[in-house]
Amino acid sequence: MEHDTQRQTDALIQRLAGEAGAVRPQHPALLPRLLAATGISLALAVLVVAAAFGIRDDLASHVFSPMYLYKAVAMVCFAIAGLSLVRAAGTPGASLRLAVALAPAVLVLVAGMMLLDDKVTLAGARAVSVPVCLLAIVMASLPALALMLLALRRATPTRPALAGAMAGLLAGSIGALAYTLACVNDGTLFVSVWYSLAILIACALGALAGRSALAW
């Protein structure tokens, strides 16, 4: 009798351990909420950029140029990576393959620096290019960050700070994509360094906000 009880206990422990180690399915409603939040966030980011910094005068003729496409495609790749990572961060047990998710964006940035010929320095075309770039992208990312955190609050993130950082990555990418409509610094090095730094700032803000906003 005692031996049977011990066997049942061992079997129960093994079953519970197996369930704990299994990856839970992703929250079925999280992705639609994130997609909706992304669309709204992009519209709000464009409004912030247009209202605070204006749209560049030659955008209509510039939008299909290699330099603009370089900026836009790189930021879209960052946004796709952010969307994937936010979804994973909101799902208990899901792995965050950060390097894999970010690889396409990094490859676009590196390829652009190797293939495109530009004469814009790291400091940009104007004396205030760098601070304006950082400020604009971070400002444009704030509505997106709020919406992403709101979406994650209805999910089940187990690491609030990390989930907040991934929300910041997506929000920063959206802000950077919106800022391409205003940015006149058509330089691969400028974009690779300062756009990326602005996105990292948004990640840091997201981590700080997520620590409290996403805590259970």
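The values are calculated or read from the model by the stated rules, or taken from the named source; none is laboratory data. The structure presented is a predicted model; accordingly, all values stated were derived computationally and were not measured. Cβ coordinates were reconstructed from backbone atoms using ideal geometry, including for glycine residues, and neighbour counts include every protein chain displayed.
Mind checking which residues of region 98-131 are in contact (Cβ under 8 Å) with a residue 12 or more places away in the chain, surrounded by fewer than 19 Cβ atoms within 10 Å (Cβ to Cβ) and either more than 18 Å from Thr188 (Cβ to Cβ) or hydroxyl-bearing (Ser, Thr, Tyr) (or both)?
Those that are in contact (Cβ under 8 Å) with a residue 12 or more places away in the chain, surrounded by fewer than 19 Cβ atoms within 10 Å (Cβ to Cβ) and either more than 18 Å from Thr188 (Cβ to Cβ) or hydroxyl-bearing (Ser, Thr, Tyr) (or both): Leu98, Thr121.
Name every residue in region 94-143 that is more than 17 Å from Leu83 (Cβ to Cβ) and among the charged types (D, E, K, R), in order of residue number.
The answer is Asp117, Asp118, Lys119, Arg126.
So, of the residues in region 25-54 that are part of a loop (DSSP other than H, G, I, E, B) and surrounded by 12 or more Cβ atoms within 10 Å (Cβ to Cβ), which turns out to be modelled with the lowest pLDDT? Walk me through it before giving the result.
If we filter region 25-54 for residues that are part of a loop (DSSP other than H, G, I, E, B), which is where we start, we get 25-29, 53-54.
Now narrow it down to the ones that are surrounded by 12 or more Cβ atoms within 10 Å (Cβ to Cβ): 26-27, 53.
On the way: Gln26: 48, His27: 54, Phe53: 96.
Among them, the one singled out is Gln26.
Counting only residues that are without any contact (Cβ under 8 Å) to a residue 60 or more places away in the chain, hydrophobic (A, V, I, L, M, F, W, C) and part of a loop (DSSP other than H, G, I, E, B), how many does region 55-67 have?
2
Results for (1) of a type in the set (D, E, K, R); (2) touching a Lys or Arg at 6+ places or on another chain (Cβ under 8 Å); (3) within 13 Å of Tyr179 (Cβ to Cβ), shown as yes or no for each residue.
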position: Gly39; (1), (2), (3): no, no, no
position: Val48; (1), (2), (3): no, no, yes
position: Gly54; (1), (2), (3): no, no, yes
position: Ser65; (1), (2), (3): no, no, no
position: Lys71; (1), (2), (3): yes, no, yes
position: Ala74; (1), (2), (3): no, no, yes
position: Cys77; (1), (2), (3): no, no, no
position: Ala89; (1), (2), (3): no, yes, no
position: Arg97; (1), (2), (3): yes, no, no
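Per-residue answers, yes or no, for (1) assigned to a loop (DSSP other than H, G, I, E, B); (2) at pLDDT 95 or above; (3) touching a Phe, Trp or Tyr at 6+ places or on another chain (Cβ under 9 Å); (4) within 26 Å of Ala50 (Cα to Cα):
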{"residue": "Ala123", "(1), (2), (3), (4)": "yes, no, yes, yes"}
{"residue": "Arg126", "(1), (2), (3), (4)": "yes, no, no, yes"}
{"residue": "Leu134", "(1), (2), (3), (4)": "no, yes, yes, yes"}
{"residue": "Leu145", "(1), (2), (3), (4)": "no, yes, no, yes"}
{"residue": "Leu149", "(1), (2), (3), (4)": "no, yes, no, yes"}
{"residue": "Met166", "(1), (2), (3), (4)": "no, yes, no, yes"}
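For region 4-23, state whether one or more residues are in contact with a Gly (Cβ under 6 Å, 6 or more places away or on another chain), at pLDDT below 60 and surrounded by fewer than 12 Cβ atoms within 10 Å (Cβ to Cβ).
Kept after step one, since they are in contact with a Gly (Cβ under 6 Å, 6 or more places away or on another chain), are these residues of region 4-23: 23.
From the residues that got through so far, the ones that are at pLDDT below 60 too are 23.
Okay, now just the ones that are also surrounded by fewer than 12 Cβ atoms within 10 Å (Cβ to Cβ), so 23.
Yes, the conditions are met somewhere in region 4-23.
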